[in-house]
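Down below is the structure, laid out as C-alpha cells.
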Amino acid sequence: MTILVTGSSGHLGEALMRTLRGVGRAAVGLDIVPGAFTDMVGSLADRGLVARSLSGARLVLHAATLHKPHVATHGREEFVETNVLGTLVLLEEAARSGVQSFVMTSTTSAFGDALEPAPGEPAAWIDETVTPVPKNIYGVTKTAAEDLCRLFWRNERLACVVLRTSRFFPEEDDDPDARAAFADANLKANEFLHRRVAIEDVVEAHLLALDRAPSIGFGKYVVSATTPFRRADAARLSTDAAAVARERVAGWQDEYARRGWRMAERIDRVYDNTLARRELGWRPKWDFAAIVERLRETGDIRGPLAKAVGEKGYHPGRAEGRRYPAG
C-alpha cells in the first residue's frame, strides 16, 4: 500500500522516507524543494500536483510545513498558504481519493504561551488537556491545520491523527542565551528530560499512528521523550532542576562531569507523552538515561538515522541579527 510523505526533503520527511524504503514499503515523496527522497516537486497548494501525488496512495504522512525559524524570513501569508491552505488541499484530495489514514505532524510550539509559567510559578506540565495559546503565526497556522484534520474526520470520515512533536532538529538553538550558556550537545541532552525527542522515535510514532488511525478516528498526541519527572516535581523544577534530575535519573553526573557539562538550573515546561504511549502503543526508546548511555558508548547523542539525515537549516543564508538565526 503506497504511502505519500509530504515534506520529504526536510528532516522528518527524509527520515520517514529512509525508514519506509529501508524496509521495502512503497512511498512517494512530495516537497517544494528537490531532494534525494523527493519524487514530486511543488507546492501543496497546487491541487493538480497533490492529486497526482496521491494516485495509488492510501496512506498519508503529512510532515510538510513552514517552521518556527521561518518566522524570521517568511511572511504570514506564506505560512497560511503552506500550513493551512496546503493542508486543506491535501485533506480534500485525500478524502476524494479514498485515503484510509492521514497523519499530520504538528508541534508542541502550538501550545505557545501555555508553555511559559509566570515567574515563581511551577513548571508547566504539558499534555493533551492543555489548551494552546499560540504566540506567533507558526502556532496559529499549525493549530488551524489541526482543526482542519478534526473537521475532515467529522464531515468526511477521513481518519486523522495529529502528532504534536517536541524538538528533534539538529540545528543550533534559536535562543542566543541558551547557545551562550551551554555547548550544543549538552543543551540537547538536557532537553531529553523534558522537551526533546529522538528522530527514530518520532518516525516510529508516525508509523504506529498510520496503523491506529482507522480505529482512533481523530486524535491528538504529544510526542516527546518519556520524562523521568512527575507532576509533583513541577515546583522544584522551576528552581532547582539539577537536584530533581539527580533524584530521578542515575548515572549521568559522572559523564557530564567528564565532559565539563552541566544540568539546567531551571526547567519551565515538561511534555508528558502518556496518552501517545497508551493509545498508539508507542514505546519511545531514547529517554534521557538512554541518551547518556549512548553518549558514553559512542561519544555522540545522535543515532544513525539522525546522522544520515544531517543538518538541513531553514534559510538560504544565515539571518544575521534575526530572532531565529538557524542557517
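The values are calculated or read from the model by the stated rules, or taken from the named source; none is laboratory data. Model, not experiment: these values are computed from the prediction. Here Cβ is always computed from backbone atoms with ideal geometry, including for glycine, and neighbour counts include all displayed protein chains.
List of remarks:
- Test result for residue 99, modelled with pLDDT of 95 or more and within 18 Å of the chain's Cα centre (by Cα): no
- Cβ-Cβ distances below 8 Å connect the following pairs, each with a first residue in region 9-28 that is without any contact (Cβ under 8 Å) to a residue 40 or more places away in the chain and within 15 Å of residue 59 (Cβ to Cβ), a second residue that is of a type in the set (D, E, K, R) and part of a loop (DSSP other than H, G, I, E, B), and a separation of six or more residues or different chains: 28/39.
- When restricted to residues that are more than 21 Å from residue 275 (Cβ to Cβ), charged (D, E, K, R) and in contact (Cβ under 8 Å) with a residue 24 or more places away in the chain, region 106-156 contains 3.
- Among the residues making up region 122-147, those that are assigned to a loop (DSSP other than H, G, I, E, B) and under 24 Å from residue 68 (Cβ atoms) are 123, 127, 128, 129, 130, 131, 132, 134, 135, 136.
- When residue 167 is tested against (1) touching a helix residue (DSSP H, G or I) at 6+ places or on another chain (Cβ under 8 Å); (2) farther than 24 Å from residue 221 by Cβ, only condition (2) is not met.
Residues checked against (1) crowded, with 21+ Cβ neighbours inside 10 Å; (2) in contact with a Pro (Cβ under 8 Å, 6 or more places away or on another chain); (3) more than 17 Å from residue 219 (Cβ to Cβ); (4) of a type outside the set (S, T, N, Q):
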position: 104; (1), (2), (3), (4): yes, no, no, yes
position: 137; (1), (2), (3), (4): no, no, yes, yes
position: 154; (1), (2), (3), (4): no, no, no, yes
position: 162; (1), (2), (3), (4): yes, no, no, yes
position: 174; (1), (2), (3), (4): no, yes, yes, yes
position: 182; (1), (2), (3), (4): no, no, yes, yes
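- Residue match in region 45-62 (condition: under 16 Å from residue 3 (Cβ atoms), in contact with a Gly (Cβ under 7 Å, 6 or more places away or on another chain) and among the hydrophobic types (A, V, I, L, M, F, W, C)): no
- Contact annotation: residue pairs with Cβ atoms under 6 Å, 6 or more positions apart or on different chains, pairing a residue in region 31-52 that is touching a residue at least 40 places away in the same chain (Cβ under 8 Å) and polar (S, T, N, Q) with a partner that is part of a loop (DSSP other than H, G, I, E, B) and buried (at least 17 other Cβ atoms within 10 Å of the Cβ), are 43/32.
- Here residue 198 passes the criteria (1) surrounded by 18 or more Cβ atoms within 10 Å (Cβ to Cβ); (2) free of Cβ contacts under 8 Å to residues at least 60 places away in the same chain except the one numbered (2).
- Among the conditions (1) more than 20 Å from residue 167 (Cβ to Cβ); (2) of a type outside the set (Ser, Thr, Tyr); (3) surrounded by fewer than 20 Cβ atoms within 10 Å (Cβ to Cβ); (4) within 23 Å of the chain's Cα centre (by Cα), residue 204 misses just one, which is (1).
- Any chance residue 235 is outside any loop (DSSP other than H, G, I, E, B), in contact (Cβ under 8 Å) with a residue 40 or more places away in the chain, more than 23 Å from the chain's Cα centre (by Cα) and over 22 Å from residue 142 (Cβ atoms): yes
- Output for region 213-224, where each listed residue is buried (at least 20 other Cβ atoms within 10 Å of the Cβ) and either over 18 Å from the mean Cα position of the chain (by Cα) or more than 18 Å from residue 130 (Cβ to Cβ) (or both): 213
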